[in-house]
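First comes the structure, then the notes that go with it.
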Amino acid sequence: MKNPDYIVDYLNHIGIANNYKAKEINCEFCGFDEFSLVRDVIDVGKGKFGKLPVVSCNRCGGLFQNPRFPRNFYKEFYSKKYRDSLYGDLSPSKSFIDDQFKRGELLYKSLQKYLPKKRNSKILDVGCSSGGMMKSFIEKGWKGYGTDPDVGYVKYGKDVLNLPVEVKDSEEMELEKNSFDLIIIMGSLEHVYDPNKTLEICRKAAKPNSLLLIEGRGHPQKESKIYFNHNHHRYLTLNSISLLMLRHGWEPILRTDEELTGPTRKGGIFCLGRSTKILNKISMLKDSQVYFEKSEDIINKFNALDKKLRKAN
C-alpha cells in the first residue's frame, strides 16, 4: 500500500527517502482504537506547514500523531536530521550546555524534599542530550547514567563534559534491575518511538519507593499549528502523563506547571511519581478514569486558544 501524497511530501521535505510506510496505531495511553481529529496541518519544520494529523483518543483524550512511521524511520531522523533541523548544528552550543547545568541545579532544589537521603543514590536521565542536567546530582554524591540517540550531543557530554552518557535509544536500554532511585525524562517522552516500552524498561530498573519525573511541553505558547510539530509524536498533559505512570507502576504524587527547572522552557508541566505495584489492565483502566478527558473538550480548548492568540497578535 502506497503512502498518501501528504506523507510523500513530508518525507521529501525533511530529506528522507520515501521507503517508510505510515500506518495508524492505537492510543498510546490506553490502547483504544477510536479517535477524533484535532488538527491535520502542523509545523513540519524549516518554516513550513503540512498535513500530519494529530488525534485525540475517544476514551482517554490522549493526544498523538496518527498515522506513524516504523521505528527505523525515527532512528534515522533523530540520528541524522533532528538537531540539524532545529539548530543547523549537530553539536551543542555553550548556551545550551549552560542551560542544562542551570536546569539541573534548579531541579535538584525543587525535588530535594522528595529525594532519598542516603549516599550513592543513582539517577537515570532518559533522553539526556549531553547529560548536563545530571551534573548537579553527581556533584552532590549521586551516581548517574544517561542515554540519548543523538550522537553529536552525547559525544560532547562524554568527551568534553566527562559525564556518564551513552548513545542509545530508550527502547534499547539495558539497565540493571532495581538500581535507580530517581529516573528523569525531561521533554523526551514526547519524542521516543514507544513510550510504553521505554517506561516498562524504566520500571524494571527502578528501586522500590523510587521516583520518576516526566516533563512535557504542556501549555501551548503559540497557535496549535505551531504547538503541534512533527518532532513531537505525542503531546503530554498532566492527565496523560498520569495515565502512563499508572499503567507502568508509578503513583503520581506531584502534578504541577510550576517552573521546577527555571523559566527557559515556558509552559512546561511536570509529574512526579513514586513506584508502586503494577496494576493489571482492568484495575489500571478503572483507577485511571479520573484522568480521562473528552476529545470534544480538547478540541474546543485548542479552538479557543487559537482564537485568543490570533486576537493577541
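If only residues of the stretch 261-307 that are among the hydroxyl-bearing types (Ser, Thr, Tyr) and surrounded by 19 or more Cβ atoms within 10 Å (Cβ to Cβ) are counted, the one that is nearest to residue 136 (Cα to Cα) is 261. If you check residue 225 against the conditions, is it more than 23 Å from residue 195 (Cα to Cα), modelled with pLDDT of 95 or more, surrounded by 14 or more Cβ atoms within 10 Å (Cβ to Cβ) and of a type outside the set (Gly, Ala, Ser)? For residue 225, the condition - more than 23 Å from residue 195 (Cα to Cα), modelled with pLDDT of 95 or more, surrounded by 14 or more Cβ atoms within 10 Å (Cβ to Cβ) and of a type outside the set (Gly, Ala, Ser) - is not met.
Mind telling me which of the residues 109, 118, 94 ends up being more than 18 Å from the chain's Cα centre (by Cα) and either at pLDDT 95 or above or under 20 Å from residue 270 (Cα atoms) (or both)?
109
Restricting the stretch 27-71 to residues that are among the polar types (S, T, N, Q) and touching a Leu at 6+ places or on another chain (Cβ under 8 Å) leaves a set whose member that is farthest from residue 17 (Cα to Cα) is 56. For the stretch 244-251, the criterion of a residue being open to solvent by less than 20 Å² (accessible area, probe 1.4 Å), touching a residue at least 24 places away in the same chain (Cβ under 8 Å) and under 16 Å from the mean Cα position of the chain (by Cα) is satisfied by at least one position. Consider residue 151 carefully, then state whether it is in contact with a Ser or Thr (Cβ under 8 Å, 6 or more places away or on another chain), among the β-branched types (Val, Ile, Thr) and under 14 Å from residue 182 (Cβ atoms). Taking the combined requirement at face value, the residue does not satisfy it.
Close contacts from the stretch 276-305, counting a first residue that is of a type in the set (Lys, Arg) and modelled with pLDDT of 85 or more and a second that is open to solvent by less than 60 Å² (accessible area, probe 1.4 Å) and outside any helix (DSSP H, G or I), with Cβ to Cβ under 8 Å and a gap of 6+ residues or different chains, come to 277/249; 294/61.
Could you please let me know if residue 273 is farther than 22 Å from residue 116 by Cα and touching a Leu at 6+ places or on another chain (Cβ under 6 Å)? Here the answer is no, as residue 273 does not meet what is asked.
Suppose we keep only residues that are of a type in the set (Val, Ile, Thr) and modelled with pLDDT of 95 or more within the stretch 121-153. Which one would you say is farthest from residue 75 (Cα to Cα)? Checking each candidate, the answer is 138.
Would you pick out the residues in the stretch 263-313 that are aliphatic (A, V, I, L, M) and out of contact with any strand residue (DSSP E or B) (no Cβ under 7 Å at 6 or more places or on another chain)? Passing the criteria: 278, 279, 282, 284, 285, 290, 304, 305, 309, 312.
The values are calculated or read from the model by the stated rules, or taken from the named source; none is laboratory data. Model, not experiment: these values are computed from the prediction. Note that each Cβ is placed from the backbone with ideal geometry, even for glycine, and that neighbours are counted across all protein chains shown. Side chains included, ligands, DNA and RNA excluded: accessible areas come from the protein's heavy atoms. Shrake-Rupley method; radii C 1.70, N 1.55, O 1.52, S 1.80 Å.
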